[in-house]
Amino acid sequence: MRRRGGILRMGAFCLLAVCLFSCGRPASEEQFVRTDQADAWGRYVFAVDFDDPACTYALDLLVSLDCKNVEFKSFGGMKLGMLWESPSGIPYEESLTVGPGNAVGGNFFSKYLRTGYRTDLRPAEYGRWTLYVSVPDAQEAVCNVSGIGLVMKREQHGSR
């Protein structure tokens, strides 16, 4: 009986050790904000951790549209406002256009767009950034945005 208890304790210890040493940060993270979760100004808000100087980052943007095939045929694209706020509060602003060429799937009632937004990114400041994505009202006339997603991938590098 004593031996069995020792084996169980040793097994539990090994399981705990495996969990402790194998739980690293994932190589990628995904966030999705539905339209009804947008902030008071209608912006899709993402918290993005650029906290590892040993990594470069890649970002993809996903846009989910509620529109039928007929409507999507007349969809010429939309210009998204991208406002980044650094950990110290410095704003950086740019725009990104997504269109029918970015379609990656969907069905009769909805479409999904995905575009590579940034590659080999090294932030000006390390820490938690906030990304605000805006969709101008006029751009949504043909296809309604039902949500926007952000995929961040990390690539570990040696010391620089």
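Throughout, read-outs are computed from the coordinates displayed, never taken from laboratory work. None of these values were measured; they are calculated from a predicted model. Heads up, the Cβs are rebuilt from the backbone with ideal geometry, glycines too, and the neighbour counts pull from every protein chain shown.
For residue 111, list the lysines whose Cα falls under 17 Å from its own Cα; do not include residues on the same chain fewer than 8 positions away.
68, 73, 79
Starting from the Cα of residue 39, step 7 Å toward the Cβ, then list every residue of the range 58-90 with an amide N under 16 Å from that point.
Within reach of a label on residue 39, which here means backbone N under 16 Å from a point 7 Å along Cα→Cβ, the range 58-90 contributes 81-90.
At 0.36 nm per residue, and after removing the present C-alpha to C-alpha distance, how many nm does the segment from residue 27 to residue 104 gain when stretched out fully? Working shown, then result.
On the way: separation 77, 0.36 × 77 = 27.72 nm, distance 2.22 nm.
The residue 27-residue 104 span can extend by a further 25.5 nm.
Full-extension gain between residue 119 and residue 137, please, as 0.36 nm times their residue separation minus the C-alpha to C-alpha distance.
Fully extending the segment from residue 119 to residue 137 adds 3.6 nm.
Using a simple spin-label model with points 7 Å from Cα along the Cα→Cβ vector, what separation in nm is obtained for residue 83 and residue 157?
3.1 nm
List the chymotrypsin sites (Phe, Trp or Tyr not before Pro) in the range 70-132 that DSSP assigns to loop (not H, G, I, E or B) and whose Cβ has at most 14 other Cβ atoms within 10 Å. Which are they?
For chymotrypsin sites (Phe, Trp or Tyr not before Pro) across the range 70-132 that sit outside H, G, I, E and B with at most 14 neighbouring Cβ atoms in 10 Å, the list reads 108, 109.
Please go through the range 75-160 and write out the GluC sites (Glu not before Pro) that DSSP classes as loop and that have at most 15 other C-beta atoms within 10 Å.
Passing sites in the range 75-160 are 125.
Let's test this: bin the Cα-Cα distances of the range 34-160 at 10 Å from zero up to the farthest pair and state each bin's percent.
12, 41, 30, 13, 3, 0
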